[in-house]
Amino acid sequence: MSAGGFRGDELTVGIDIGGTSVRASVVDAHGRQLDTLRTATPPTAESLEHGLQRLVAELRDRWAVAAVGLAIAGFLTPDRQTVRFAPHLAWREARVPEIMTERIGLPVFAEHDANSAAIAELQFGAAAGGHNTLVLSIGTGIGAGMIQDGEIYRGSFGVAPEFGHLTVVPGGRPCSCGKRGCWERYCSGTALVDTVLELLASQDFPRSVLAADSEADPGSLTGRRVAAAAADGDPAALAAYADMAQWLGYGLGMIADVFDPDLIVLAGGVGAASGLFLDDAREHYAAAVTGAGHRQLARIRGTQLGDAAGTIGAAEVARQGLAALDIGSQ
């Protein structure tokens, strides 16, 4: 930090650390991404930390940045200084901001990835104007951020809300969290692939490109591939999205019965493709809530920031963290 203290216009790096990929961006104070790098998520804690260090070093070669924010798909302590558990990552009880501050040589701040997306959408995107807002980040899994009167809701121990791991199918598909039948196993990028494979095994889709791809190499299917096929009208992909829309509406109905939001924003990589399923999901949601037809429903919007919400939010977390450090030093 400069001797004159923190300037609100300084650049920060936001890094969105997901189960399959890591995305790092240089972001300005207006939420604009100036430079972005992406890599696959390394499998071990050491390799992940080294990979983050390398990404920041590459960005610092091109930009003068003041701090780094990490959007992490896992449970963080209320002070966000320790990653307690991450279903898709290797960290366990790890003081990640401290470790990465030492490695990088800049202040590093951490936040749950869905909270980061919620912060970005609130500050720069589709969540502006909401009173009680749910930002649902749908990517490899499901993350959720709840905003009440402009503040992130974290629960008593810092892990709320983990909607993606609510059991919707007892004894259903196994989840990396250790449970079976979690909502994200039926409504996410990885769930789309599983659904396509199940559909292809049980039904004939002679005009499906995905059927040919699956027959040649089942491991070649990804959520992005399914999304691209659906956009081209592939029948198996469209059937998988129809299934996901039903699960999304069902889950949103449960959440609405508990939280009663006035605004729901669909973020994340899958959320960015909401045009493929949002209208159907709205109908399923409207039918799933208790008292359907006799209550107000939340507005449901697609993200304005796409799959960049996590990185933009992480960069904003770093900017806010720097401001707090500056205030604390005065």
task = Would you mind calculating the gained length between Thr39 and Glu93 on full extension (0.36 nm times residue separation, minus the Cα-Cα distance), in nm to one decimal?
result = 17.0 nm
key: Vicinal HN-Hα couplings computed from phi for the stretch 176-188 (Karplus, 6.51 cos²θ - 1.76 cosθ + 1.60; Hz; Gly/Pro x)   = 5, 6, x, 8, 10, x, 5, 3, 5, 7, 10, 8, 5
task = Provide the per-residue ³J(HN,Hα) series for the stretch 250-262, in order, calculated from phi with Karplus coefficients 6.51, -1.76, 1.60 and θ = phi - 60°, each as a whole number of Hz, with x at glycine and proline positions.
result = 4, x, 5, x, 4, 5, 4, 5, 9, 9, 6, x, 9
inquiry  = Suppose the Debye formula is applied to equal point scatterers at every Cα of the stretch 126-303; what is log10 I(q)/I(0) at q = 0.15 Å⁻¹?
reply    = -0.84
key: Per-residue HN-Hα couplings for the stretch 273-287 [Karplus 6.51, -1.76, 1.60; θ = phi - 60°; Hz; x = Gly/Pro]   = 9, 4, x, 7, 8, 5, 4, 5, 4, 4, 5, 5, 4, 4, 7
query = Starting at 0 and stepping by 5 Å, how many percent of the alpha carbon pairs of the stretch 165-259 end up in each bin?
reply = 2, 14, 23, 23, 17, 12, 6, 2, 1
note = Given backbone amide H placed at 1.01 Å from N, residues whose amide H is under 5 Å from that of Gly69, ignoring those fewer than 5 places away on the same chain, are Val13, Gly14, Ile15, Phe109, Ala318
key: Inter-centroid distance (Cα atoms) of the stretch 273-330 relative to the stretch 224-256, Å   = 19 Å
request  = Using the Cα centre as the reference, give the magnitude of the dipole from point charges on the C-beta atoms of the chain (Lys, Arg: +1; Asp, Glu: -1; all else neutral), rounded to the nearest 20 debye.
outcome  = 300 debye
note = 1/(1 + (r/R0)^6) with r = Cβ-Cβ of His131 and Asp194, R0 = 41 Å, i.e. FRET efficiency to nearest 0.05, evaluates to 0.70
note = Taking the dipole of the stretch 126-303 about the Cα centre (Lys, Arg +1; Asp, Glu -1; charges at Cβ), the one of Ser220, Cys182, Leu134 that reaches farthest to the positive side is Leu134
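Computed from the coordinates by the stated procedures, all read-outs in this text should not be read as laboratory data. Not measured: the values here are computed from a predicted model. Glycine also receives a Cβ, built like all others from the backbone with ideal geometry; neighbour counts cover every protein chain displayed.
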